[in-house]
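All remarks here apply to the structure that follows.
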Amino acid sequence: MTDKRYKPLGGLQQFQAVYKTRNLTTAAQALGISQPALTQAITKLEKLLGVELFDRSTRPLGVTRYGELLVEHANTIERSNTELHKSLEALKSGSGGLLRVGCGPDWIHDILPRAICAQQQRNPDLRFELTVALNNELHRMLDRDAIDCYFSSISDDFMGTGYSTQILVQERMTVIARHDHPIHREQPRKLKDIADQRWAMTGEETFGRDLMKRLFGDEKVDLPIPMIETNSVSAMINIVRYSNTLGFLSQTHLNAYPDIRAVSMEKALPERLGGVTLRTDQEPMAAVVELLDEVRGVIDSIRVD
């Protein structure tokens, strides 16, 4: 924490030039400034520190004990200042600094890991902080500036003003069951035919649960009461993998687990929109813009595959 009693130091370059030459005229010439301007800078620095740095009664100029102490610290201060400016430039250009990315569970299987690794390969000094959470928590993190952007499923009634969303993927949602579940031996099913099955679901405020409510509501079928409910998509998937429960999942997740299969349905289920959300009151950092380009590239390559 910065101590407000101490003001930033100006005039260090001028001080160091005089210290090296012990002559105001020579130092001013080396710096390319007038001697009065140099004298003013040194006097201002002395007033700021409350001490005399040079003994002006001697020729060449003598250095006081306070001046010698400042010399010991000046190089460190200068290096710190240089490193600060280098770090600022790296952050502005996207070649360094810390990029804080949030994402929903759908994004960690393939898309984001590949995009992040490609971006870091080009910018080895760029660090990433990746947080995986559900939509409501990601939104709160963006609100309090704990992340710079997040990738998630997009719900049209979730976002308010002050946010910008870019749609990047569109994929089918599926009802899932373990690969050897008896339901796979039956003909394509209607929602009303599977409503009485045992279900594992994510929690009330999650995107998947909201989409299920809409889906069952549109078919005028009561939403099943989950036998197992969790705030973790990964936990829900594993529960389906090791039990005879049904789940509701995106095609991306389904592709990542060979031991679960989509239940054959008479009617195609709705599609999930996925994308990135940013705050509109902040200009996106260069690293965020570059990450979006990488993500689009990965998505395009997956489509080709």
Open item on the list: Criterion first (farther than 17 Å from Arg189 by Cα and surrounded by fewer than 16 Cβ atoms within 10 Å (Cβ to Cβ)) does Asp259 satisfy it?
Closed with: yes
Open item on the list: It is to be established whether one or more residues within the stretch 195-205 are free of Cβ contacts under 8 Å to residues at least 12 places away in the same chain and not charged (D, E, K, R).
Closed with: no
Open item on the list: So, in the stretch 262-293, how many residues would count as being buried (at least 17 other Cβ atoms within 10 Å of the Cβ), charged (D, E, K, R) and within 30 Å of Arg209 (Cα to Cα)?
Closed with: 1
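Okay, residues lined up against (1) assigned to a loop (DSSP other than H, G, I, E, B); (2) closer than 20 Å to Arg114 by Cβ:
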{"position": "Val240", "(1), (2)": "no, no"}
{"position": "Asn244", "(1), (2)": "yes, no"}
{"position": "Leu269", "(1), (2)": "yes, no"}
{"position": "Val295", "(1), (2)": "no, yes"}
Task: Every residue from the stretch 228-248 that is in contact with a helix residue (DSSP H, G or I) (Cβ under 9 Å, 6 or more places away or on another chain) and at pLDDT 90 or above - done: Ile228, Glu229, Thr230, Met236, Ile237, Asn244, Thr245, Leu246, Gly247, Phe248
TODO: Taking Arg214 as the residue in question, decide whether it is modelled with pLDDT under 95, assigned to a strand (DSSP E or B) and closer than 25 Å to Glu137 by Cα.
DONE: no
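The values are calculated or read from the model by the stated rules, or taken from the named source; none is laboratory data. Quantities reported herein were computed from a predicted structural model and do not represent experimental measurements. All Cβ positions, even for glycine, are placed from backbone atoms using ideal geometry, and neighbour counts span all protein chains on display.
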